[in-house]
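See below for the structure under consideration.
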Amino acid sequence: MKIGSSKSKIVDAHKDQNITKAVDILTKGGLVAFPTETVYGLGADGLNAKAVARVFEVKKRPSFDPVIVHVGTRDDAFSLWGEKNQLASELMNAFWPGPLTLVMSRSERVPDIVTAGLPTAAVRMPDSEIALRIINELGHPVAAPSANLFGRPSPTTAAAVQEELGDGIDLILDNGPAKIGLESTIIKIEGAKCTLLRPGGIPVEVIEKICRVDQPVVDSHFSPEAPGQLQAHYAPNTQFTVMDKSYENLSREMQHLYDACQHRGVAWPKIGLLSMRKKENSSWFQVQRALTEKGDKAEAAARLFQEIRELDKLNLDLIIAETIDEAGLGLAIMDRIKKAAGGKRGIEKFFAMGEL
Ligand code: TXA
Ligand code: MG
C-alpha cells in the first residue's frame with residue numbers, strides 16, 4: 001500500500017482486519033486515527049521520527065508542542081523515561097490504564113521530535129482495548145496528539161476526525177463516541193513533587209488521594225511549559241465567550257441589549273447558548289444546547305467538544321457558554337471552555353465591538 005496518498009477512510013475498529021491494516025500502516029510510517037477513552041488520537045510509531053514529523057505536518061502543529069506517547073505496559077513507560085520513580089509507580093497502579101498522562105525526564109529512546117526537544121516525555125496507557133491492541137501488535141509505543149488541527153476542539157467521534165484532518169490520514173478507526181470526551185489529566189513528576197499541567201479526565205481531587213498536586217496559577221503573562229496550557233485553544237470558528245454572571249443577570253442584560261437593538265433598528269444577532277442544564281426563558285437565543293439532563297459532569301464532559309462542534313456549524317454570530325463550578329471534572333470542563341473563549345470573558349466585548 002502506498003502510504004500518504006490514499007483518501008482518509010473511516011473503518012470499523014472492531015474488525016480484526018482493520019486493526020491489522022492499522023498496524024501495517026503504522027509499521028510503514030503512516031498515520032492512523034484511533035479511538036481512546038478520552039478523545040480520538042492521531043497515531044504514529046512513537047520511535048519513528050519521520051512518522052511523527054508527519055503528525056505535526058497534518059495537524060499544522062508547531063514543532064515546539066510535544067506529543068504524548070501511548071504505551072501498553074508500565075515497563076514500556078519506564079523505558080521512555082530516564083528514571084524510576086516511586087510516585088509514578090503508585091499513580092500508574094492507581095490510574096492506568098486510564099486518562100492520566102505522566103511527565104518525567106526522558107530517556108534516549110524517545111526521538112527529539114516527540115518531546116519537542118524538552119528534557120521530559122509525556123506518557124500514558126489508554127483505557128481502550130482497541131488502542132492497546134494497536135500498541136501491542138505494533139510492538140512500539142504510539143505517539144498521538146488529539147486528532148484535530150492545532151488549536152481546535154478535540155474530536156470525540158470518527159466523523160469529527162474526518163472533518164478536521166480529511167485526507168491527511170491513512171486510516172480512521174471508528175469505535176463510536178469517546179467515553180470520557182475530555183483529554184487526559186497531565187501531571188509532571190519531579191521526585192516527590194506533582195504539578196498539574198492540564199486538568200482532564202481524572203479529577204485532581206482523586207489524584208490527591210495519592211499525592212498533593214500543585215496547580216500553577218495561569219495568568220496572561222504565563223509562559224507555558226506546554227502549549228496545552230496556552231490561553232487560547234480548543235477554539236471553534238464562531239465567536240465564543242464565557243457567561244461570567246448568573247443566568248438571571250444574563251437574561252436581564254439580554255433584554256436590555258435587545259431593547260437597544262430595537263431602538264436602533266439593528267437586527268438581533270444569532271446567539272447560541274451552551275449550558276450545563278436546559279434553561280427556561282431562553283428566547284434570546286437562536287439555539288440552546290444543554291450538556292446534561294441531570295447535572296452530571298461526566299455526561300457534560302463527554303458531550304462538550306461535540307456540542308461545540310455542532311454549534312460551530314450553525315452560522316451563529318456568537319456562542320455563550322455557561323460557567324460551572326470547578327470541583328471534580330468541572331475544572332477540566334471550565335479549562336476547555338475558557339480556552340475556547342481564548343481567555344476572553346464576558347459578553348460585553350462582543351457587544352462593544354460594534355458587531356451589532
Ligand atoms: O487524552 C489525551 O491526552 C489525548 C489522547 C489522544 O491520548 N491526547 C492529547 O494529546 O490530548 P495532545 O497532543 O492534544 O495534548 C498533549 C498535551 C499538549 O498540551 C502538550 O503540550 C503536552 O501534552 N505535553 C506533551 N509532552 C509534554 C512534556 N514533555 N512536557 C509537558 N507537556 C507535554
Ligand atoms: Mg490536543
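The values are calculated or read from the model by the stated rules, or taken from the named source; none is laboratory data. From a predicted model like this one, the values you see are computed outputs, not experimental measurements. As a convention, Cβ positions derive from the backbone with ideal geometry for all residues, glycine included, and neighbour counts pool all protein chains shown.
In segment 15-26, the count of residues that are within 16 Å of ligand 2 (Cβ to nearest atom) and under 23 Å from the mean Cα position of the chain (by Cα) is zero. Of all residues in segment 27-78, how many are within 13 Å of ligand 2 (Cβ to nearest atom) and among the acidic types (Asp, Glu)? Total satisfying the criteria: 1. Filtered by the rule that a residue be within 16 Å of ligand 2 (Cβ to nearest atom) and part of a loop (DSSP other than H, G, I, E, B), segment 109-123 gives a lone residue, 116. Before we move on, is residue 320 outside any helix (DSSP H, G or I), within 21 Å of residue 335 (Cα to Cα) and touching a helix residue (DSSP H, G or I) at 6+ places or on another chain (Cβ under 8 Å)? So residue 320 fits the description; yes. Taking segment 220-252 as the range and being modelled with pLDDT under 85, away from ligand 1 (no atom under 16 Å from the Cβ) and either among the hydrophobic types (A, V, I, L, M, F, W, C) or within 22 Å of residue 320 (Cα to Cα) (or both) as the test, the residues that pass are 220, 244, 245.
Residues in segment 65-85 that are assigned to a helix (DSSP H, G or I) and either in contact with a strand residue (DSSP E or B) (Cβ under 8 Å, 6 or more places away or on another chain) or touching a residue at least 60 places away in the same chain (Cβ under 8 Å) (or both): 76, 77, 80.
For segment 159-205, which residues satisfy the criterion of being of a type in the set (Val, Ile, Thr), under 15 Å from residue 95 (Cβ atoms) and out of contact with any Gly (no Cβ under 8 Å at 6 or more places or on another chain)? Within segment 159-205, 187, 189, 204 qualify.
Name the residue that is modelled with the highest pLDDT, counting only residues in segment 63-96 that are over 25 Å from residue 25 (Cβ atoms) and within 11 Å of ligand 1 (Cβ to nearest atom). Here the residue is 81. Checked against (1) surrounded by 23 or more Cβ atoms within 10 Å (Cβ to Cβ); (2) within 8 Å of ligand 1 (Cβ to nearest atom), residue 25 passes all but a single condition, namely (2). The one condition from (1) out of contact with any strand residue (DSSP E or B) (no Cβ under 6 Å at 6 or more places or on another chain); (2) aliphatic (A, V, I, L, M); (3) under 18 Å from residue 75 (Cβ atoms); (4) assigned to a loop (DSSP other than H, G, I, E, B) that residue 132 does not meet is (4). Checked against the criterion of being in a loop (DSSP other than H, G, I, E, B), buried (at least 16 other Cβ atoms within 10 Å of the Cβ) and in contact with a strand residue (DSSP E or B) (Cβ under 6 Å, 6 or more places away or on another chain), the candidates 97, 126 yield just one match: 126.
The single residue among 290, 340 that is at pLDDT below 95 and under 26 Å from the mean Cα position of the chain (by Cα) turns out to be 340.
The set of residues in segment 162-188 being within 11 Å of ligand 1 (Cβ to nearest atom) and of a type in the set (A, V, I, L, M) consists of 178, 180, 182, 186, 187. Restricting attention to segment 240-280, the residues that are surrounded by 13 or more Cβ atoms within 10 Å (Cβ to Cβ) and outside any loop (DSSP other than H, G, I, E, B) add up to 17.
With respect to the conditions (1) hydrophobic (A, V, I, L, M, F, W, C); (2) modelled with pLDDT under 95; (3) surrounded by 15 or more Cβ atoms within 10 Å (Cβ to Cβ), residue 103 falls short on a single one, namely (2). Against the conditions (1) modelled with pLDDT under 95; (2) under 14 Å from residue 305 (Cα atoms), residue 166 satisfies every one except (2).
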